[in-house]
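The values are calculated or read from the model by the stated rules, or taken from the named source; none is laboratory data. As the structure is a prediction and not an experimental result, all values here were calculated from the model. Cβ placement follows ideal geometry from the backbone for every residue including glycine, while neighbour counts extend to all protein chains displayed.
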Amino acid sequence: MAFIGVQVSDELKARFTARAQREGGQSALLRRLVSTVTDQAPDPVQPLAAGASDKVTVRFRRSERAAITDAATARGMTRTGWIAALVRARLGLGLPLNRGEEEALRAIARELHRIGGSINQIARAANLAAQTGEPVTFDPAVLEETRGVVGEATSELRQVLARSAGSWQVPV
């Protein structure tokens, strides 16, 4: 594998290191930057775990290693990352998500945020009406539509989590 190195100021290195902690480590972040600049699909972000880690060596037969490689590739992960994620998932230490699952969860969060904003506006209007002595009015169709959108977002969230849990064969 080729190596790329660069010298930077201490301050820039400290800022990069801090960012890399949230982005899967320095090497992973640099690989994604180089992939992006060269128009290649970047590797998915794998967040770093807190605390020191220990190395564990495991032996697999060739056929097992090939199956692990296929499974890891299908989830956009390295073999080592896939094995570690599988162990963590099976131990109940977190459910690893691939890039597609992360993006789906972000989309659901954005939709729920928009719904929350709408509900806050409704609550403010109702409070203002109550303070001024005006009757509080609402359109039942709007409430029903909101309930439907929340139900869809909840269902989609369950599906994303179930797909991820299913790929690791752990209960949700």
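Remarks
- Residue in the range 116-132 that is closer than 30 Å to residue 23 by Cα and not assigned by TED's automatic domain parsing to the domain that holds residue 32 present: yes
- For the range 121-169, the tally of residues that are over 30 Å from residue 86 (Cβ atoms) and either polar (S, T, N, Q) or not in a helix (DSSP H, G or I) (or both) stands at 12.
- Within the range 146-157, the set of residues being surrounded by 12 or more Cβ atoms within 10 Å (Cβ to Cβ) and either out of contact with any helix residue (DSSP H, G or I) (no Cβ under 7 Å at 6 or more places or on another chain) or among the polar types (S, T, N, Q) (or both) comprises 146, 152, 154.
- Screening the candidates 75, 31, 61 for the property of being among the basic types (Lys, Arg), loosely packed, with under 15 Cβ neighbours inside 10 Å and at pLDDT 80 or above yields one hit, 61.
- Any hit, the range 118-135, residues being among the small types (Gly, Ala, Ser) and under 29 Å from residue 161 (Cα atoms): yes
- Condition met for residue 107 (closer than 21 Å to residue 159 by Cα and either in contact (Cβ under 8 Å) with a residue 60 or more places away in the chain or in the same structural domain as residue 151 (by TED's automatic domain parsing) (or both)): yes
- The range 110-141 - residue that is surrounded by 11 or more Cβ atoms within 10 Å (Cβ to Cβ) and of a type in the set (Val, Ile, Thr) and, of those, farthest from residue 159 (Cα to Cα): 136
- Long-range neighbours under 7 Å by Cβ, at least six apart or interchain, first residue modelled with pLDDT under 80 within the range 142-161, second in a helix (DSSP H, G or I): 160/101; 160/104; 160/105
- From the list 93, 97, 128, 86, the one residue that fits, being touching a residue at least 60 places away in the same chain (Cβ under 8 Å) and out of contact with any Phe, Trp or Tyr (no Cβ under 7 Å at 6 or more places or on another chain), is 97.
- Here residue 80 does not fit the description of being of a type in the set (Ser, Thr, Tyr) and farther than 30 Å from residue 59 by Cβ.
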